[in-house]
């Protein structure tokens with residue numbers, strides 16, 4: 001489920017919460033933010049909304065009969081698996097610069113800026129960034145200070161436009177271990193848009209002359225077919241909960257993923273193993289999901305030699 005799409009308009013849902021209009025926030029941004037709050041993740045309480053709570057419980061209600069009947073992973077299982085896989089790998093990489101695409105209502109930026117001292121940039125659509133900035137108005141002082149000092153930056157840009165490669169190069173310039181991350185985003189893009197985005201990321205790392213990585217989740221058709229009932233239930237439930245905001249066609253298989261990333265300019269790519277990451281985060285052994293967590297790398301240092 002997408003945190004938010006950064007290159008197209010989101011469905012309009014909900015109404016006003018307090019003085020802030022959250023009607024333009026993408027439905028899945030509301031739902032995932034509330035799921036992270038249910039998991040007790042740090043700073044997640046800053047980004048919960050009434051819309052998120054309502055849609056989360058609607059989604060659960062729509063899927064629970066099938067979950068019980070077919071012994072499927074729950075919505076929270078899916079989201080927790082994805083989130084903990086990404087966070088565990090990010091921790092292991094110890095990045096010194098992070099760019100999150102389609103950040104939505106993610107708490108990750110606040111966590112890394114405040115608890116790890118890493119400069120963090122969140123990129124999203126203008127209305128999404130504006131809504132999130134409004135949420136910070138009532139946040140603790142040190143959160144507002146991080147925004148003021150640019151330790152945490154909320155930025156709006158079109159990540160599919162050719163100029164984003166240059167913008168990314170400026171953002172990661174001088175970093176030793178820069179990471180671009182996205183969660184629940186890439187699967188909402190058509191294949192041509194995915195290719196444009198991946199090209200921009202790889203090109204941005206090369207222009208900056210850095211060894212950079214892109215960490216993301218994605219769906220594969222071959223894996224969905226193995227859990228056919230679960231995949232169908234989740235896709236229909238997502239469409240219901242998000243009022244028609246369906247995901248695009250998944251990657252065909254692992255070879256297709258590798259080929260698309262390679263053609264976009266990445267030097268390496270690997271599917272991350274839950275069993276290996278469970279050595280760092282044991283809870284992953286209790287979670288199930290057909291989601292693939294992919295880590296791709298670009299070494300732009302040779303291009304600058």
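The values are calculated or read from the model by the stated rules, or taken from the named source; none is laboratory data. Treat the numbers as computed from the prediction; the structure is a model and nothing was measured. When we count neighbours, we look across all protein chains shown, and the Cβ atoms used for this are built from the backbone with ideal geometry, even at glycine.
Only strands (runs of 3 or more DSSP E) whose full extent lies in region 132-231 are considered here, and the ones with at least 1 residues that are at pLDDT 90 or above, surrounded by fewer than 20 Cβ atoms within 10 Å (Cβ to Cβ) and touching a helix residue (DSSP H, G or I) at 6+ places or on another chain (Cβ under 9 Å) are 152-156, 211-218. Across region 232-271, what is the number of residues that are at pLDDT 80 or above and part of a helix (DSSP H, G or I)? Matching residues across region 232-271 total 10. Is there a residue being at pLDDT 95 or above and either over 29 Å from residue 282 (Cβ atoms) or not in a helix (DSSP H, G or I) (or both) anywhere in region 6-22? Checking region 6-22: not a single residue is at pLDDT 95 or above and either over 29 Å from residue 282 (Cβ atoms) or not in a helix (DSSP H, G or I) (or both). Residues being at pLDDT 90 or above, buried (at least 21 other Cβ atoms within 10 Å of the Cβ), touching a helix residue (DSSP H, G or I) at 6+ places or on another chain (Cβ under 7 Å) and not in a strand (DSSP E or B) are entirely absent from region 90-101.
Could we say that residue 87 is under 19 Å from the mean Cα position of the chain (by Cα), surrounded by fewer than 21 Cβ atoms within 10 Å (Cβ to Cβ) and closer than 24 Å to residue 217 by Cβ here? Yes, satisfied. Condition check for residue 280 on (1) in contact with a strand residue (DSSP E or B) (Cβ under 9 Å, 6 or more places away or on another chain); (2) touching a residue at least 40 places away in the same chain (Cβ under 8 Å); (3) surrounded by fewer than 19 Cβ atoms within 10 Å (Cβ to Cβ); (4) over 19 Å from residue 187 (Cα atoms): one failure, at (1). If you check every pair at least six apart or on different chains, which have Cβ atoms under 9 Å apart with a residue in region 211-225 that is on the phi > 0 side of the Ramachandran plot first and a residue that is at pLDDT 95 or above and in a strand (DSSP E or B) second? Partner pairs satisfying both residue conditions: none exist.
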